[in-house]
Amino acid sequence: MESEDLFPTMPGEAGDAGSSAPPAPLAARMRPRSLDDFVGQTHLLAPGHLLRRAIEADRIQSLIFYGPPGTGKTSLGQIIARHTRSHFEPLSGVESNVADMRRVLAAAAHRRANAGRATILFIDEIHRFNKAQQDVLLPDVERGVVRLIGATTHNPCFFVNAPLVSRSQIFELRPLSEDELLAVLQRALADPERGLGHLKIQADPEALRHLARVADGDARKALNALEIGALTTPPQPDGTIRLDLQSAEQSIQHKAVVYDADGDAHYDTISAFIKSMRGSDPDAALYWLAKMIHAGEDPRFIARRMVICAAEDIGLADPMALVLAQTACDAAEFIGWPEARIPLAEAAIYLATAPKSNTAITAIDAALGEVRSGRSLPVPEHLRDAHYAGAARLGHGQSYRYAHDFPGHFVPQDYLGAARSFYQPTDQGVEKKIKERLEKWRSMKAEAPGARRAPPAQPPPSLAG
């Protein structure tokens with residue numbers, strides 16, 4: 001009869017007193033053993049959420065966990081096996097072959113037939129299996145011989161065979177937040193059996209915060225760095241191991257940057273970045289971009305600010321700026337760090353060196369000011385919808401002139417019912433040509449019979465900030 005201890009103590013871990021083998025890494029020893037111990041992924045595992053309900057009700061079939069390293073894919077597979085009292089059989093998409101799979105599948109079928117016990121086949125990096133290897137799994141997954149749990153850092157919709165995907169539920173695991181990583185580190189420091197609680201460690205809060213920030217959502221990376229820092233720092237005379245910021249920087253090989261993700265440095269740096277692009281200084285823009293990248297800033301936050309800058313500070317002086325900024329935003333979202341730095345840098349240089357105009361924001365704000373003032377203008381009769389029965393009797397659409405029927409595809413016509421001028425183009429870049437066209441059209445409208453005279457244009461308000 002198989003042992004009920006699905007995950008026995010590893011050689012060298014606490015509790016294996018007779019072993020001379022080195023202990024397993026801290027990250028392996030601190031794997032959570034239950035759903036209540038699991039940190040992160042609350043969108044899947046919080047009480048009442050789908051995956052937790054399925055685990056607790058033992059209604060797990062085949063699953064694919066998709067997410068970056070260190071987010072708990074393997075740990076979650078082990079927890080599911082323990083909770084459902086299933087045999088846990090791990091394979092690797094890098095090391096295992098078809099013969100390994102056939103051996104495991106045959107043993108699972110025997111276990112199911114003779115002991116009535118389910119097998120969870122956990123395949124790490126399942127995307128590394130080729131199509132033929134993945135096809136070997138299909139019959140036994142279909143018959144329920146094994147409950148497959150695949151783990152991958154790649155989108156399974158692109159890297160796992162469609163038949164296997166269709167037989168599996170896909171759950172995306174997200175990087176752990178900084179606070180979640182702090183909780184993982186503090187638990188490791190406090191646990192005397194599996195963690196570092198048997199050592200007299202005094203960890204400075206800024207050191208732990210640095211490890212949590214630089215680990216970039218990866219619990220394994222954070223715990224490995226904590227272990228290196230604790231075991232390589234000489235103890236003080238009283239036996240205390242002092243883990244300060246300098247030790248943390250050395251243990252994770254990443255120098256701390258003065259940059260608090262939700263404080264002054266965060267907002268000051270992004271402000272300097274935007275103002276450098278607005279001020280046409282590509283070198284300064286690149287420096288502030290590099291600082292944010294090095295500090296672990298969310299690439300989506302950087303990209304969003306660049307899209308805003310393209311529309312607000314460049315606008316119609318170079319309409320391609322908005323296209324490029326949005327493309328860089330999509331590219332950064334698609335490829336992630338570290339390669340995302342390249343399209344972001346390309347866009348930052350383009351925005352900084354483009355001609356500048358803020359007329360888009362001044363024009364829309366002027367129009368909004370008019371609307372908010374309460375002076376609401378009715379839609380002129382000739383512009384109203386005339387596509388329904390009875391519209392003609394109401395006079396809707398009468399006297400409307402179709403612009404494409406006239407030379408230059410323009411005809412002087414009242415489109416507002418009042419004389420207003422919100423958009424005042426500059427002579428920068430592409431907008432210079434827009435200004436020339438608009439001045440010609442406005443002149444033609446002003447000379448038309450019965451034309452309304454617009455009040456003198458007001459200078460745009462200051463948007464410094």
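The values are calculated or read from the model by the stated rules, or taken from the named source; none is laboratory data. Being a predicted model, the structure only gives us computed values, none of them experimental. Positions of Cβ are backbone-derived with ideal geometry, glycine not excepted, and every protein chain shown enters the neighbour counts.
Figures for the structure shown
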{"read-out": "Search result, residues across region 218-240 that are assigned to a loop (DSSP other than H, G, I, E, B) and under 29 Å from the mean Cα position of the chain (by Cα)", "value": "Asp218"}
{"read-out": "Any hit, region 111-134, residues being at pLDDT 90 or above, part of a loop (DSSP other than H, G, I, E, B) and among the charged types (D, E, K, R)", "value": "yes"}
{"read-out": "Failed criterion for Ile335 (all others in (1) β-branched (Val, Ile, Thr); (2) in contact (Cβ under 8 Å) with a residue 12 or more places away in the chain; (3) closer than 30 Å to Lys275 by Cβ hold)", "value": "(2)"}
{"read-out": "Unmet criterion (only one of (1) outside the structural domain of Asp268 (by TED's automatic domain parsing); (2) under 30 Å from Pro68 (Cα atoms)) for Pro338", "value": "(1)"}
{"read-out": "Residue satisfying condition, being over 30 Å from Asp216 (Cα atoms), among the aromatic types (Phe, Trp, Tyr) and touching a Phe, Trp or Tyr at 6+ places or on another chain (Cβ under 9 Å), within set Phe410, Phe422, Phe406", "value": "Phe410"}
{"read-out": "Hits in region 229-249 - residues which are surrounded by fewer than 18 Cβ atoms within 10 Å (Cβ to Cβ) and under 17 Å from Pro23 (Cβ atoms)", "value": "Leu231, Thr232"}
{"read-out": "Some residue of region 73-80 being within 20 Å of Pro32 (Cβ to Cβ), over 27 Å from the mean Cα position of the chain (by Cα), at pLDDT below 95 and of a type in the set (S, T, N, Q)", "value": "no"}
{"read-out": "Residue in region 288-308 that is of a type outside the set (Lys, Arg), without any contact (Cβ under 8 Å) to a residue 60 or more places away in the chain and over 28 Å from Arg174 (Cβ atoms) present", "value": "no"}
{"read-out": "Residue match in region 250-273 (condition: surrounded by 16 or more Cβ atoms within 10 Å (Cβ to Cβ), assigned by TED's automatic domain parsing to the domain that holds Ala325, modelled with pLDDT of 90 or more and within 22 Å of the chain's Cα centre (by Cα))", "value": "yes"}
{"read-out": "Residue within region 46-61 that is assigned by TED's automatic domain parsing to the domain that holds Cys157, under 35 Å from the mean Cα position of the chain (by Cα) and in a strand (DSSP E or B) present", "value": "no"}
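Yes/no matrix, rows are residues, columns are (1) outside the structural domain of Leu344 (by TED's automatic domain parsing); (2) surrounded by 18 or more Cβ atoms within 10 Å (Cβ to Cβ); (3) in contact with a helix residue (DSSP H, G or I) (Cβ under 9 Å, 6 or more places away or on another chain); (4) of a type in the set (Lys, Arg):
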position: Ala284; (1), (2), (3), (4): no, no, yes, no
position: Tyr287; (1), (2), (3), (4): no, no, yes, no
position: Ala295; (1), (2), (3), (4): no, yes, yes, no
position: Phe301; (1), (2), (3), (4): no, no, yes, no
position: Arg304; (1), (2), (3), (4): no, no, yes, yes
position: Cys309; (1), (2), (3), (4): no, yes, yes, no
position: Gly315; (1), (2), (3), (4): no, yes, yes, no
position: Ala321; (1), (2), (3), (4): no, yes, yes, no
position: Leu324; (1), (2), (3), (4): no, yes, yes, no
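Yes/no matrix, rows are residues, columns are (1) more than 28 Å from Asp318 (Cα to Cα); (2) out of contact with any Leu (no Cβ under 7 Å at 6 or more places or on another chain); (3) exposed (fewer than 15 other Cβ atoms within 10 Å of the Cβ); (4) at pLDDT 70 or above:
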{"site": "Ala386", "(1), (2), (3), (4)": "yes, yes, no, yes"}
{"site": "His409", "(1), (2), (3), (4)": "no, yes, yes, yes"}
{"site": "Arg437", "(1), (2), (3), (4)": "no, yes, yes, yes"}
{"site": "Gln458", "(1), (2), (3), (4)": "no, yes, yes, no"}
{"site": "Ser462", "(1), (2), (3), (4)": "no, yes, yes, no"}
